[in-house]
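What follows is a single structure, written as structure tokens, with notes after it.
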Amino acid sequence: MENVQMCLVGCGGMGERHVRGFGALREHGIEHVGLAAVCDLDEAAAVRIAGIAESTLGHRPKVYASVDEALNDDGIDAFDIVTDASSHHRVAVPILEAGRHLLCEKPLGITVQNCQVILDAAQRSGAVLGVAENYRRGPANRLARAVLDSGILGDIHLFVEFHVGGDDGIIITPWRHLKERGAIGLDMAVHYTDIVQYLLGPFETAFGAGLIAEPVRRRREAPEMDLASYHARHAGMPETVEATGEDSIIAMFQMQSGVMAQCVNIASGPEKLGSRTVYGRDGVMRIPRDRSGLAVEVTFRDGSIQGDDLAELIGFELDPLTQRLFQSTVYDRPFEWIDAAHVAVELADFGSAVIENRSPEVDGELGTAAVAAVLAVLESGVLGRAVTYDEVRSGAVHSYQDEIDLALGLEPVGGRS
């Protein structure tokens, strides 16, 4: 196989952003992965995305109303799931059992058991399973990983991921404020736990809790992104949503390496503050906000260095694909272009994994690890103690997840109470 033809399943806002990712690949002459079809139960949404794809890619993908229909198309090699998180397993399992390869948006699932159902289906079929995690793909995070690998910071004392501030507006979609659908506290924190494991390795223990900082979320005056799908969704959005799921997470992780990592994400408050910082004996590294194009900076006792100068100091070069898209570790481009380029990297990596019969960079197990780390924090909040990653990943600790599993149609790990 030299070219992987994909079917996009889910034609909402994230679906449109994935189409833009395919467009970024086309713009840069990267042709080993393409969009053959789109699929959505909402015919109007599918037709809208097909039209956007036609203007972006120069061809109109086929339109299907169900995954079953799309699976009858032998021209589709793989599927790209961008439906709401609570539906991932229902969409993914039939695809994998049919022997088709699968890229699934994060979070892979919203409980450990939910993720495991998908992992088991992939294992049975032998199909390639990847998780679409875009934050780690940015040049700044690639450089940050290289800085840590170089050892110039000395012994690492602490990693801090800190994001506080926001209003009471509905964040992206109403379902992201409902516990049984995959609340934004989990949905957003998965990005950060993936960054933690990308930079520092596997998790050991977690202590912390989730909270609902804004109990009532209200319809915004305008959608977060100026894209057709976001405007269509915004038009039908309710005036208010009563939150049942956490919008915020406060956590302290100990990694298997012994490094401590603090993660705070509170989606409320009058002032927005944020940082990603690594504190070492010999240097402090400040990593810019994701998809900003800003420079990584390292401060030593006798001065600081940043961006491409920092890369040169440690002999770091971007991989050929990322270099082709971004050209530098520092760049000044519109957010929509940057966002599309991040998606393009994950699509291209997945396509290469299928062609080369290898695991993609973020495979099902790594995607599950990011989810399990967040759930470990939420389980810690229920139990009032630190929990180990292994307790949560194995299912030994599961109380927080039980009612979600029931809502998903899965038998809770501890059985029905």
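The values are calculated or read from the model by the stated rules, or taken from the named source; none is laboratory data. Nothing here was measured: the structure is a model prediction, and the numbers come from that model. Note: ideal-geometry Cβ built from the backbone for every residue, glycine included; neighbour counts use all protein chains shown. Surface areas here come from the heavy atoms of the whole protein model, side chains and all, with no ligands, DNA or RNA. Shrake-Rupley method; radii C 1.70, N 1.55, O 1.52, S 1.80 Å.
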### Task
Within the range 35-85, count every residue that is under 16 Å from Met6 (Cβ atoms), in contact with a strand residue (DSSP E or B) (Cβ under 7 Å, 6 or more places away or on another chain) and of a type in the set (A, V, I, L, M).
16
### Query
Among (1) open to solvent by less than 70 Å² (accessible area, probe 1.4 Å); (2) in contact (Cβ under 8 Å) with a residue 12 or more places away in the chain, which single condition is Arg289 missing?
(1)
### Task
Please go through the range 324-340 and pick out each residue that is within 18 Å of Asp226 (Cβ to Cβ) and assigned to a helix (DSSP H, G or I).
Phe335, Glu336, Trp337, Ile338, Asp339, Ala340
### Query
Could you list, in sequence order, the residues of the range 146-180 that are closer than 13 Å to Arg217 by Cβ, of a type outside the set (Val, Ile, Thr), under 19 Å from the mean Cα position of the chain (by Cα) and open to solvent by 10 Å² or more (accessible area, probe 1.4 Å)?
Pro174, Trp175, Arg176, Leu178
### Query
What number of residues within the range 157-179 satisfy the criterion of being farther than 21 Å from Gly13 by Cβ and touching a Ser or Thr at 6+ places or on another chain (Cβ under 7 Å)?
3
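Which residues, counting only those in the range 19-49, are aliphatic (A, V, I, L, M) and either open to solvent by 30 Å² or more (accessible area, probe 1.4 Å) or at pLDDT below 95 (or both)?
Hits for the range 19-49 are Leu41, Ala44, Val47.
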### Query
Just to be sure, is Leu347 open to solvent by 70 Å² or more (accessible area, probe 1.4 Å), assigned to a helix (DSSP H, G or I), aliphatic (A, V, I, L, M) and at pLDDT 95 or above?
no
### Message
For the range 226-241, which positions are touching a residue at least 60 places away in the same chain (Cβ under 8 Å), within 20 Å of Gly182 (Cβ to Cβ) and open to solvent by 20 Å² or more (accessible area, probe 1.4 Å)?
### Response
Arg233, Met237, Pro238
